[in-house]
Structures are given as structure tokens and as C-alpha cells.
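The values are calculated or read from the model by the stated rules, or taken from the named source; none is laboratory data. Given the structure is predicted, the values throughout are model-derived calculations rather than measurements. All Cβ positions, even for glycine, are placed from backbone atoms using ideal geometry, and neighbour counts span all protein chains on display. Surface areas here come from the heavy atoms of the whole protein model, side chains and all, with no ligands, DNA or RNA. Shrake-Rupley method; radii C 1.70, N 1.55, O 1.52, S 1.80 Å.
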Amino acid sequence: PGHGPVRASFLDLAPREEGFREAVLRGLSAKPRTLPATFFYDAEGSRLFDLITAQPEYYPTRTEIGILAESGAEMADLLGPGCQVIELGSGSSVKVRLLLDRLEDPAGYVGIDISRAHLRAACDRLAADYPELDVLALCADCLHPEFLAGIAVPPPASRLPGRRVVFFPGSTIGNLDPVEALAFLSLWGRWLRRAGPRAADERPGGLLVGVDLRKDPARLHAAYNDAAGVTAAFNLNLLARINRELGGSFDPDAFAHRAFYDPERGRVEMHLVSRRDQIVRAAGRSFAFQAGETIHTENSYKYTLPGVAALAARAGLRTERTWTDPDGLFALFWLVA
Ligand code: AVJ
């Protein structure tokens, strides 16, 4: 009562533009050419992704929200009072409200996202709506190898008491290949154990991870090829970002969005296909594309329930509970360190 506007505190660890420049030069010089999916999320990319989640074919977001609404109270009982929630890839921090509203006296919230402005606005809104909650916005690439190596693992988690819950929704873990996913879960498991219980009765921390499940390939195909073309715009925006930030000369009309499910690898791949032979400049270099050549822009791995439990076990995490929607499209796992 009486204090000024409540704002989230802010910590900026995100790789600066040179991170983007070097990733683009490295990725476009590789064969096959590739670009890291984290670079989708400039302001326009974040706006387009939010629009994707509203498309009828893109079931993951609304399905995960349904699970949180349906089972959030049970999750809150399991997690216990006074938790500190650390959300990876926090975006607009809408989903986490379903959890915060059900948790008993959550101690704090750290939102971690690569999209700086989007992150700060979302965390300021959260701080205003939850004045009792200590809110920190941390701009970082939670999938970046450095972050994975634990160099940039956030100090703030040691700031507050309470059981740590690393909330990693959206199946963003699917952007990692199986080796990276194992490293990621192992890192966070070690961090949770190292951060350790500070009070005698404090239970070990864990990860609440959202994972998209394997299903009818037609359903998966549609989710990445929505009729309205928003996913295509999201994919192509990466070229527009290179033009904006790295002086690129990409003609977005000269590349086509392509997304398909590879059942062998259990992943949806997104590519940008060169429609013709062309030479493009980016970051001071020239890149020659042949017609039909692609830039691989994203993988979205899909898992089975036992597949996640096996991956978690190899990462030293115990699968204490799993929640799925009635159609078995998506699942949330509570993995205890
Ligand atoms: C935010 C990475 C989970 O892989 O489904 C949506 C991103 N890409 N449509 C996903 C995405 C194309 C999304 N993740």
C-alpha cells in the first residue's frame, strides 16, 4: 500500500547482437545450412509465435493450458507451499499464472527469456498483479550452450527461500536434440541439488516440464503448416530479421516455408527452401543458394511417455508424476532432482 508502481527487477545476460551475427555466419556457411531456433524470437517473432498459439491447428499451447487448469491444484499440493518458480522461455508469462494462482504462498518468480522487451513487459505485468511475489526478469537464452554449461545459470534462485520449481512449459525442450536435452536436464538437476535444501524440512527441487507427445503425423504436420500461414510468416521472419539487423538482402518471396514430421527421428523439422538459384548477402558475406536448397531453422522433437521418463532417469531425475490431457496429445512431467 502506498509504494510506487510495482516493477520486476531485471538482469540482462542475453547474448548481444554479435551472438546473432556469428550464429548466422556460422549457420549459413554450414552444409546443410542451419540457423538456431532461438533467433526466431525478436519482437516480431514473439508476436507471430503468440499468434501461432491461437491457430486452430496448433494444439500444444491450449492443450497444456487445459492440463494446468485441470490439474494445477494437484500440482500445487505436490509442490507444496512457499515455492520459488523459475520459468524457462517465459514469453508472455500467461501459463505460469495458472500455477501461481494455485500454489500456496509462492516465494518468488524468475522469468527467463531471450526476447528482452517481451520479457520485461510480461514480468512487470506479473509484478503488478502479484504484489506479494518477488519477480525477477532475466534476459538470457536458456537453451544456449553457455547457459547449459552452467556458466550463466541464474544466481537469483539462491536469493529466495523455498523449494525450487523450474517450470519449462510449451515443449520448448523439443527444440533440443536428445543429446542436448539430456545435457539440459542433467545441468538443471545438478543445479537443483547443488542449490540444495536450505531448511531441514525443505524437499528437493524439481522441473515441471511440458512435452508434446508423438501422435498421428497428419496432426503434427497441420500444427506446423496452419492454413492462415502464420507459421510460414514466423519462419520467414528470421530472414527479415537478418535483413533488419545484419544488413541482409534476403527476398522473403524467394524462400518457401517447409515443415514436415520425420517419424524416424520423432521430430518436426522446419526449413526455408530457396525457390531459385540466388546469391544473398548477410553480415557482410555472400551466400549462393541453389534452387531447392534449404536452411534448416528448427526441430521440434516429440516424445512418448516412457521416452521422457527414460531421458529424465539418465539425467538423474525421478519422474514423480505425469499429467496428460484426455486425448493424450501433450504431457506435463514433475521430475524431482
Ligand atoms: C515454442 C519451440 C515449443 O516447437 O512447437 C511453433 C515453436 N515452431 N510453431 C514448437 C514453434 C513452429 C514451438 N516451441
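The figures follow:
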| read-out | value |
| --- | --- |
| Test: Ala223 is modelled with pLDDT of 90 or more and within 24 Å of Asp42 (Cα to Cα) | yes |
| Within the range 65-90, considering residues that are open to solvent by 10 Å² or more (accessible area, probe 1.4 Å) and of a type in the set (Asp, Glu), the one farthest from Thr53 (Cα to Cα) | Asp77 |
| Residues (within 16 Å of the ligand (Cβ to nearest atom) and touching a helix residue (DSSP H, G or I) at 6+ places or on another chain (Cβ under 8 Å)) located in the range 295-314 | Ile295, Thr297, Glu298, Asn299, Ser300, Tyr301, Lys302, Tyr303 |
| Single unsatisfied condition, Arg214 versus (1) open to solvent by 70 Å² or more (accessible area, probe 1.4 Å); (2) more than 15 Å from the ligand (Cβ to nearest atom); (3) farther than 25 Å from Arg47 by Cα | (2) |
| Residues of the range 91-102 that turn out to be of a type outside the set (Gly, Ala, Ser), outside any helix (DSSP H, G or I) and buried (at least 21 other Cβ atoms within 10 Å of the Cβ), as a count | 0 |
| Subset of the range 231-252 [among the polar types (S, T, N, Q), under 18 Å from Arg26 (Cα atoms) and assigned to a helix (DSSP H, G or I)] | Asn243 |
| Checklist (1) surrounded by 20 or more Cβ atoms within 10 Å (Cβ to Cβ); (2) more than 16 Å from the ligand (Cβ to nearest atom) applied to Tyr261, failing item | (2) |
| Residue match in the range 14-27 (condition: surrounded by fewer than 17 Cβ atoms within 10 Å (Cβ to Cβ), touching a residue at least 40 places away in the same chain (Cβ under 8 Å), more than 16 Å from the ligand (Cβ to nearest atom) and under 24 Å from Pro217 (Cβ atoms)) | no |
| Qualifying residue in the range 142-158 (condition: assigned to a helix (DSSP H, G or I), open to solvent by less than 10 Å² (accessible area, probe 1.4 Å), modelled with pLDDT of 95 or more and farther than 16 Å from Phe10 by Cα) | no |
| Extreme residue, least open to solvent (accessible area, probe 1.4 Å), among residues of the range 30-62 that are outside any loop (DSSP other than H, G, I, E, B) and over 26 Å from Arg120 (Cα atoms) | Arg33 |
| Which listed residue is more than 13 Å from the ligand (Cβ to nearest atom) and without any contact (Cβ under 8 Å) to a residue 24 or more places away in the chain, from Gly292, Gly248, Gly284 | Gly292 |
| Which numbered condition Asn299 misses (of (1) among the polar types (S, T, N, Q); (2) farther than 14 Å from Asp212 by Cα; (3) surrounded by 13 or more Cβ atoms within 10 Å (Cβ to Cβ)) | (2) |
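Residue-wise test of (1) surrounded by fewer than 18 Cβ atoms within 10 Å (Cβ to Cβ); (2) within 15 Å of the ligand (Cβ to nearest atom); (3) modelled with pLDDT of 95 or more; (4) under 20 Å from Thr63 (Cα atoms).
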residue	(1), (2), (3), (4)
Asn237	no, yes, yes, no
Gln278	yes, no, yes, no
Thr319	no, no, yes, no
Asp325	no, no, yes, yes
